[in-house]
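Below is one structure; the comments refer to it alone.
All of the numbers you see were taken from the coordinates with simple rules; none came from a lab. What you see is a predicted model; the values in this text were computed from it and never measured. Reconstructed Cβ throughout: ideal geometry from the backbone, glycine too, with neighbour counts over all protein chains shown.
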Amino acid sequence: MSDFETLKALVAQFNTEELQADDDRFVDFDSIREDKILMPLEQRIVLGDPTNPITALLSGPRGVGKTSLILRLADRLRVKGFTVIYMDATDALDLNDIEFTDFLAFLALSVLRQLDEQKVPGFSKEAVYVKNLKERFKDFWQTKIEVSEAKVSVGHGSAVETEVKLAFQENQSALKNLRRELEEQASQIIFAVRKILTDANQALVQAGRQGLAVIVDGLDKIVWRTKESDSKNMQRKFFEDRMEQLSSFGVNIVYVAPISIVYSTVGGQWEAANGINNVVVPMVTICKDHDPKGDGLAKFDQVIEKRCAKAGITSTQLFDSAATKDYLVRMTGGHLRHLMKYVQAALVRTDALPLTSKEVEAVVRIEGQSMARQIPANLWQKLREFGKPQERSMNDEDSLSMLFNLYVFEYKNGKTWYEVNPVIRETDLFKLRS
């Protein structure tokens with residue numbers, strides 16, 4: 001294989017897409033985490049009464065591997081006899097400008113489509129009501145697209161759904177009208193979706209299945225900002241103001257939520273209302289002195305080795321030395337997506353392997369400078385406090401913002417602590433302020 005072909009294969013392997021449940025590149029980090037992260041949640045669903053379902057939040061920093069974990073949870077639930085509806089909000093919703101009504105329409109059509117695809121019995125007049133919503137939508141797309149029974153598909157990036165998303169973005173007047181129309185029908189839509197789901201759950205149990213589980217991914221990407229017309233930022237408006245509705249669908253349902261919500265008072269309200277602890281996926285602890293239960297560096301080595309193997313090389317061929325590889329891994333701070341991003345960034349800076357310390361250090365410098373430019377002036381004083389591990393409360397607005405924006409990372413290993421993102425620590429600006 002030529003240098004060009006090898007580099008191209010490596011860039012493809014070190015992509016940031018989530019791993020499907022059967023992907024053999026998956027590395028299990030449970031052995032070096034303080035808990036089996038998803039096991040308690042899985043057990044609550046599997047051992048629970050289908051007529052007394054749970055509603056739970058799962059969170060963690062963006063890019064830490066939540067989707068790969070949640071897809072494996074969905075697969076394990078299917079193996080244990082559950083019918084799973086999985087949907088990713090990023091497929092169809094603009095999370096820079098989301099309203100509950102947008103989500104409600106997305107949920108309703110996704111549920112109906114997937115139950116129909118999985119041939120789950122028990123539909124009723126409520127299903128007809130939801131189907132009729134699709135016809136109502138046609139008025140708002142005007143002539144841009146034709147929404148028909150045969151063509152409509154919500155989720156997984158379908159062509160029609162992409163057109164709908166573009167119509168939303170390009171026609172704000174139509175979007176406002178649609179939201180107003182859906183808000184007026186919100187109670188009926190919630191009732192209809194609940195009835196569809198509970199009927200399906202009952203039919204599955206009667207047919208000898210374990211019941212229904214719904215997983216809503218992607219809502220952790222709702223941005224941390226406040227619209228001019230609102231007093232709350234969009235995350236709080238969605239998860240606080242709509243908590244009762246989001247918890248009212250009558251089946252086991254897991255929402256992937258922003259870490260800034262789970263660690264705020266809103267997260268506590270969810271736990272109190274639903275009687276189940278929120279699940280947080282932490283960073284992988286890389287440094288051995290912080291990691292008495294295992295070696296995060298070795299686990300990241302496994303990730304690198306598996307990706308390299310798919311490209312036809314070994315990790316010793318990828319880097320010029322173990323020191324270069326270890327430096328890059330440490331600079332990720334245990335963030336899986338950053339590992340992929342930094343390796344890719346180093347690969348496109350060269351035309352031949354191995355990657356050198358010069359190339360890796362350039363990637364870290366550029367990434368750190370990019371993040372430093374984003375940090376508001378008022379946060380630098382607080383941020384430098386995390387130059388050393390901090391065990392503290394993180395539920396004030398500034399701390400939640402630093403967690404959500406990946407300026408500060410959370411770690412767990414018998415205790416919980418927080419540290420500044422390593423690439424920020426490496427910047428001259430951080431060093432000058434420390």
Just need the Rg to Rh number for the range 356-434, please, alpha carbons only, Kirkwood Rh. 0.99
Surface/4 of the Cα convex hull for the range 178-249, nm²: 6.1 nm²
What FRET efficiency would be calculated for the residue pair ASN96, GLN118, taking the C-beta separation as r and a Förster radius of 25 Å, to the nearest 0.05? 0.20
Packing-ranked peptide list from 400-406, 231-237, 255-261, 242-248, highest mean Cβ count within 10 angstrom first, is 255-261, 400-406, 231-237, 242-248
Here the equivalent ellipsoid of the range 193-347, derived from its Cα gyration tensor, has semi-axes (largest first, whole Å) of 40, 22, 15
Members of LYS66/LYS119; LYS36/LYS299; LYS325/LYS412; LYS8/LYS341; LYS237/LYS412 lying beyond 18 Å, as alpha-carbon distances in this model show: LYS66/LYS119; LYS325/LYS412; LYS237/LYS412
Using θ = phi - 60° and the Karplus form 6.51 cos²θ - 1.76 cosθ + 1.60, what ³J(HN,Hα) does each residue of the range 406-418 get, whole Hz, x for Gly and Pro? 6, 6, 10, 10, 9, 10, 9, 6, x, 9, 10, 9, 10
Convex hull volume of the range 235-284 per residue (C-alpha atoms, cubic angstrom): 81 Å³
